[in-house]
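Colleague: Submitted below is the structure of interest, expressed as structure tokens.
Derivation of every value follows stated rules applied to the coordinates shown; laboratory data play no part. This structure is a prediction, so every number in the text was calculated from the model and none was measured. Here the Cβ is made from the backbone with ideal geometry for all residues, glycine too, and neighbour counts use every protein chain on show.
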Amino acid sequence: MRNNLIPAIRLTIVCSVFFCGIYTLAVFGISKLAPENSSFTKSKSGFYETVGQSFTSDKYFNSRPSAVGYNAAGSGGSNKGPSNPDYLAEVQARIDTFLVHNPDLKKNEIPSDLVTASGSGIDPNISVQAAKVQVKRIAKVRNISETTINQIIEQQTEKPLLGLFGTEKINVLKLNLALDNLK
Amino acid sequence: MNTEILGVILMYATVVTLAIPLGRYIGKIFNYENTWLDKIFNPLDKLFFKLSGIDPTKEMNWKQHLVALLTINVVWFVLSMLVLTNMSWLPLNPDGNPSMSADLAFNTSVSFVTNTNLQHYSGESGLSYLGQLILMLWQFISAGTGIAICAVVFMAMKERTSETLGNFYSFFVRACTRILLPLALVVASLLAFNGTPMTFEGKDSLTTLEGQEQQVTRGPVAAFVAIKQLGTNGGGFYGPNSANPMENPNYFTNIVETISIFLIPIAMVFAIGYVLKRRKLALTIFGVMTIGFLLLLIPSIYFEMNGNTAITQMGIQQNMGSMEGKEVRFGSAASAYWAINTTCTSNGSVNAMHDSMTPLTGMFTLLGMMINCFYGGVGVGFLNFYIFIILAVFISGLMVGRTPEFLGKKIEAKEMKIAMVIALLHPFLILVSTAISSFLYAGNPTEYAGWLANPGYHGFSEMLYEFTSSSANNGSGFEGLGDNTPFWNIACGLVMLLARYLPIIGPVAIAGILASKKYIPESNGTLKTDTSTFGLMVFAVIAIVAALAFFPALTLGPIAEYFSMIK
């Protein structure tokens, strides 16, 4: 053991300089080469488009429920189990609230992503269906035609990767910014 | 075809395609053959050894390998404790985060040095950037340890009689610099170019479109996430790991990160074929692992895409599947795929909350960790599989009435005893510790009310999952468990320690003893170990030893929950 201790300590120091220091700085340097729009920077609107925001008012497309109130400095999920009665009551309450705000809607039209909390609590996206079911309400509140809103949804829909892989989705922040830009 | 399923097929096809050449490269590294990166790495390695005062050509026997491994791990643990309990006043702490309590620092240090990455803290508020960087160091070198010790077992399996098996430090440095470092640089760059933060600035605050104040935690995330995925570490920069849109911004980064989980574990299997010049043996092992993996994967994807039956009963559409704890940009198929990837290997990172998955998916993630060798952690996954091979050789030998031999070495009572102890250790640690915690909880549910976020069967699953994850050195969690208490910090810490080092010592001892035995060339009487029949035999041993030992516990948790939900 003693023969190994000194080399072990020295090797640990060398490794820490190399992997904490040089590796991190190398990645830092490489990241500086990334073009503005693909690195983690604020967009023209002054927001981080990848970080979800809370939208609960009727004039905006609502974002998904969040277990942490869209706190991007303490993100997290609900960690509720699928059979937990308190959790299921919460989902039921979300359904009821959503129906109150969107009276023209039938229950079986609501997609599950609108009544379940995301894993990070700052999910920036909703499904296309989740946007479509909110069109009537927003048209009424903003006094604009449903066709215009549907057009925005179509413009903002992000297809699966290369049209082949993954989900179809919409960034709620970008969608709402487009909505505000109408006037 | 469904684009979510296509995404899963793409990820698996790509990782196997990449793992084949990587396996050959890893094989060359441990055979000390020339590779095209030698120009950079030969001088770099020389510098490492010169500064550390190590002679990398000094041959070691299996005991010396283990002593070297354990000594350096002790050094890491001590250094980790020092940093984590003093972070608050050390540099690189722009958000002013506090130091850890002693029990939390113990848990976290053990967790990262053992390649587990169980996290009882949340990265945003529980660590300074120095803390994150020191944990990132363990992510590199604990993975390097696993690969190095696996290389020792490869050396022992060669067709020769030998006491010495190469030099531990040499394998270790080669694993870190020549395998982990280049891959981490590539992955970190891909992430940084796709919207993952890489900065040393502290939190940013902004006013949202609806007028609320929002704080955004940043940091050197890209560098951290790359090695956490590649080294089967799994400890995230942010609390919810790769579900967080900064840690994993889009479907492309999700593909990159998912591939990084499986890449080295699969490549290690192909490396065996290269090092030993036994391609058929490698393919047999790969076949058994793949079938096992698919058996866990396919039902998990099915159940997640079908959604939560309790929510279906409320009359809600679940076109996207069960979405509680999941992100829209990944969807349920890619989340289930990640969940099985991360539990079959000992990675433990997540892109969706396992606690909220449907009951049987929860069970398959548990089974992945209970078996812990369908590809498995970098290096150590093969060590676990090696134990099952030894058991299968012995049992088959008894069945056909031949002396059990593996790769020309006789397996005798001593090796069998070690193999049995190691095979039973994992169920023992998991079941005994879960029994103790259940007993405490049942005896005083009001005092321990903070432990469980969910009642009933699911609450039991949370405790079972935590100890399974600790014992498998996995690190994922049913995060509803209130686990930052002295009981969980210390109990999980002890389980992680025993479950890391004993399953390294056991296989290395067996391999070392076998290596020094006389080599018997293959003859007609030799039991063939590279056939599908033998593959089936290994599979049966895994099913009996690993899976059946846990069946009663699984019945009390996820299976009971599943049946309680169908009406």
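Colleague: Charges at C-beta only: +1 for Lys and Arg, -1 for Asp and Glu. How large is the resulting dipole of region A:95-150 about its Cα centre, in Debye rounded to 20? Could you put the intermediate results ahead of the total?
Modeller: On the way: 7 positive and 6 negative charges, 46 e Å.
Dipole about the Cα centre, nearest 20: 220 debye.
Colleague: Going by Cα centres, region B:408-483 and region B:334-365 are how many Å apart?
Modeller: 17 Å
Colleague: Give me the count of lysine pairs in region A:13-113 whose alpha carbons sit under 22 angstrom apart, restricted to pairs 8 or more positions apart or on different chains.
Modeller: On the way: A:K32/A:K42; A:K32/A:K44; A:K59/A:K106; A:K59/A:K107.
Eligible lysine pairs with Cα atoms under 22 Å apart amount to 4.
Colleague: Would you please classify the overall shape of region A:35-183 from the alpha carbon gyration tensor, given that a ≥ b ≥ c denote the square roots of the eigenvalues, rounded means a/c under 1.5, and beyond that prolate means a/b larger than b/c while oblate covers the rest? Display every interim value, and only then the final one.
Modeller: On the way: a/c = 1.62, a/b = 1.11, b/c = 1.46.
Since a/c reaches 1.5 but b/c is at least a/b, the shape of region A:35-183 is classed as oblate.
Colleague: Find out how many positive minus negative residues lie around A:T167, taking Lys and Arg as positive, Asp and Glu as negative, among other residues whose Cβ is under 11 Å from that of A:T167. The partial results should precede the final answer.
Modeller: Numbers: positive: A:K159, A:K169, B:K326, B:R329; negative: A:D113, A:E158, A:E168, B:E4, B:E327.
Summing Lys/Arg as +1 and Asp/Glu as -1 gives -1.
Colleague: Counting alpha carbon pairs within less than 8 Å and at least 6 residues apart, what relative contact order, in whole percent, applies to region B:347-406? Could the numbers behind the result be given before it?
Modeller: On the way: 27 pairs, mean separation 9.8, N = 60.
The value is 16 percent.
Colleague: Which order do peptides B:105-111, A:79-85 fall in by mean Cβ count within 10 Å, highest first?
Modeller: Peptide ranking by packing, descending: B:105-111, A:79-85.
Colleague: How about region B:35-90: which trypsin sites (Lys or Arg not before Pro) there are in a DSSP loop, with at most 16 other Cβ atoms within 10 Å of their Cβ?
Modeller: On the way: sites: B:K39, B:K46, B:K50, B:K58, B:K63; in loops: B:K58.
Those satisfying the criteria are B:K58.
Colleague: To continue, here is another question. Could you give me the ³J(HN,Hα) list for region B:135-152, computed from phi with Karplus coefficients 6.51, -1.76, 1.60 and θ = phi - 60°, whole Hz, x at Gly and Pro?
Modeller: With coefficients 6.51, -1.76 and 1.60, one gets 5, 5, 4, 5, 4, 5, 7, 6, 5, x, 4, x, 5, 4, 6, 5, 4, 4 Hz.
Colleague: Would you give the gap between the C-alpha center of region B:113-131 and the C-alpha center of region A:93-113, rounded to a whole Å?
Modeller: Between the Cα centres of region B:113-131 and region A:93-113 lies a distance of 39 Å.
Colleague: Give the average, rounded to an integer, of partner chain Cβ atoms located within 10 angstrom of each Cβ in B:477-490. Please report the intermediate quantities before stating the final value.
Modeller: Details: counts 1, 2, 5, 6, 1, 0, 0, 0, 0, 0, 0, 0, 0, 0.
Mean number of neighbouring Cβ atoms from other chains: 1.
Colleague: Among B:500-506, B:175-181, B:443-449, how do they line up from the highest to the lowest mean number of other beta-carbon atoms within 10 Å? Before the final figure, lay out the partial values.
Modeller: Values: B:500-506: 21.3, B:175-181: 24.4, B:443-449: 10.4.
My ranking of the peptides, most packed first, is B:175-181, B:500-506, B:443-449.
Colleague: By the gyration tensor of its Cα atoms, with a ≥ b ≥ c the square roots of the eigenvalues, what is the shape of the protein assembly as shown: rounded for a/c under 1.5, prolate for a/b over b/c, or oblate?
Modeller: On the way: a/c = 1.85, a/b = 1.53, b/c = 1.21.
The shape class here is prolate.
Colleague: Among B:S205, B:P427, B:N167, pick out the residue whose Cα is farthest towards the positive end of the charge dipole of region B:3-565, where Lys and Arg carry +1 and Asp and Glu carry -1 on C-beta, about the Cα centre.
Modeller: Looking along the dipole axis, the top candidate is B:N167.
Colleague: Label region B:203-354 by shape, choosing from rounded, prolate and oblate, from the square roots a ≥ b ≥ c of the eigenvalues of the Cα gyration tensor; if a/c is under 1.5 it is rounded, and otherwise prolate applies when a/b is larger than b/c, oblate when it is not. Before the final figure, lay out the partial values.
Modeller: On the way: a/c = 3.61, a/b = 1.42, b/c = 2.54.
Taking the square roots of the gyration eigenvalues as a ≥ b ≥ c, region B:203-354 is oblate.
Colleague: Relative contact order for region B:414-538: what is it in percent, counting Cα pairs under 8 Å that are at least 6 residues apart?
Modeller: Working: 83 pairs, mean separation 34.8, N = 125.
Over region B:414-538, the number comes to 28 percent.
Colleague: Sticking with this one: State the Cα centre-to-centre distance between region B:138-213 and region B:503-521 in whole Å.
Modeller: If you average the Cα positions of each part, the centres end up 28 Å apart.
Colleague: Using the beta-carbon distance between A:Q92 and A:S145 and R0 = 30 Å, what value does 1/(1 + (r/R0)^6) give for FRET efficiency, to the nearest 0.05?
Modeller: Values: r = 33 Å, r/R0 = 1.11.
Once rounded, the FRET efficiency stands at 0.35.
Colleague: Let me ask something else. Based on Cβ point charges of +1 for Lys and Arg and -1 for Asp and Glu, what charge dipole magnitude is obtained for region B:302-436 about its Cα centre, in debye rounded to the nearest 20? Intermediate results must be reported in sequence, preceding the final value.
Modeller: Working: 7 positive and 7 negative charges, 90 e Å.
About 440 debye.
Colleague: Based on Cβ point charges of +1 for Lys and Arg and -1 for Asp and Glu, what charge dipole magnitude is obtained for chain A about its Cα centre, in debye rounded to the nearest 20?
Modeller: Numbers: 20 positive and 15 negative charges, 72 e Å.
Around 340 debye, computed over chain A.
Colleague: Which is farthest toward the positive dipole end of region B:3-565 among B:L452, B:T177, B:A491, measuring Cα position about the Cα centre, with Cβ charges +1 (Lys, Arg) and -1 (Asp, Glu)?
Modeller: B:T177
Colleague: Quick one: which of B:K28/B:K158; B:K410/B:K528; B:K46/B:K228 span more than 21 angstrom between C-alpha atoms? The partial results should precede the final answer.
Modeller: On the way: B:K28/B:K158 15 Å; B:K410/B:K528 13 Å; B:K46/B:K228 26 Å.
Too far apart for the 21 Å limit: B:K46/B:K228.
Colleague: With n ≥ 4 as the cut-off for DSSP H runs, can you work out [θ] at 222 nm for the protein assembly as shown, using -39500 (n - 2.57) per run divided by the number of residues, rounded to the nearest 500?
Modeller: Working: 28 runs with 420 residues, N = 750.
Calculated mean residue ellipticity at 222 nm is -18500 deg cm²/dmol.
Colleague: Hey, another quick one. Which of A:E109, B:E201, B:E257 comes first, and how do the rest follow, when ranked by fewest Cβ neighbours within 10 Å? Could the numbers behind the result be given before it?
Modeller: Numbers: A:E109 14, B:E201 11, B:E257 26.
By the 10 Å Cβ count, ascending, the order reads B:E201, A:E109, B:E257.
Colleague: Oh, and also: Given labels modelled 7 Å from the Cα in the Cβ direction, how far is it in nm from B:I5 to B:K46?
Modeller: Between B:I5 and B:K46, the simple spin-label model gives 5.6 nm.
Colleague: Give me the percent relative contact order of chain B, please, defined on Cα pairs under 8 angstrom at least 6 residues apart.
Modeller: Numbers: 1005 pairs, mean separation 107.4, N = 567.
Relative contact order comes out at 19 percent.
Colleague: Counting other beta carbons within 10 Å of each Cβ, put B:Y32, B:Y562, B:Y129, B:Y465 in order, fewest first.
Modeller: Ranking B:Y32, B:Y562, B:Y129, B:Y465 by Cβ neighbours within 10 Å, fewest first, gives B:Y32, B:Y562, B:Y129, B:Y465.
Colleague: Related question: Need one value for B:216-226: mean number of C-beta atoms belonging to other chains within 10 Å of its residues' C-beta atoms. If you can, show how the numbers build up before the last one.
Modeller: Working: counts 11, 6, 4, 0, 6, 3, 8, 10, 2, 0, 2.
Mean number of neighbouring Cβ atoms from other chains: 5.
Colleague: So for the protein assembly as shown, taking the charge dipole from beta-carbon charges (+1 Lys/Arg, -1 Asp/Glu), which of B:G273, A:T50, A:V141 sits furthest toward the positive end?
Modeller: Highest projection toward the positive end goes to B:G273.
Colleague: Enter the mean number of other protein chain beta carbons within 10 Å of the beta carbon of each residue in A:87-94, as an integer. Provide the component values of the computation, followed by the final result.
Modeller: Numbers: counts 8, 5, 0, 0, 6, 3, 0, 1.
The per-residue average across the peptide is 3.
Colleague: Rounded to the nearest 0.05, what FRET efficiency do B:M565 and B:K280 have when you use their Cβ-Cβ distance and R0 = 41 Å? Can you show the working numbers first?
Modeller: On the way: r = 45 Å, r/R0 = 1.10.
FRET efficiency, B:M565 to B:K280: 0.35.
Colleague: Still on this model: B:M198: net charge of surrounding residues, Cβ under 10 Å, Lys/Arg +1, Asp/Glu -1, itself excluded? Present the calculation step by step, with values, prior to reporting the outcome.
Modeller: Numbers: positive: A:K32, B:R218; negative: none.
Local net charge: +2.
Colleague: While we're here: Between A:I95, A:I152, A:I13, where does the largest GNM mean-square fluctuation fall for chain A, given springs only between Cα atoms within less than 10 Å?
Modeller: Among A:I95, A:I152, A:I13, the largest GNM mean-square fluctuation belongs to A:I13.
Colleague: Got a sec? How would B:H65, B:H120 order by Cβ neighbour count within 10 Å, fewest to most? Kindly include the intermediate steps, with their values, before the conclusion.
Modeller: On the way: B:H65 27, B:H120 22.
So the ranking, lowest neighbour count to highest, is B:H120, B:H65.
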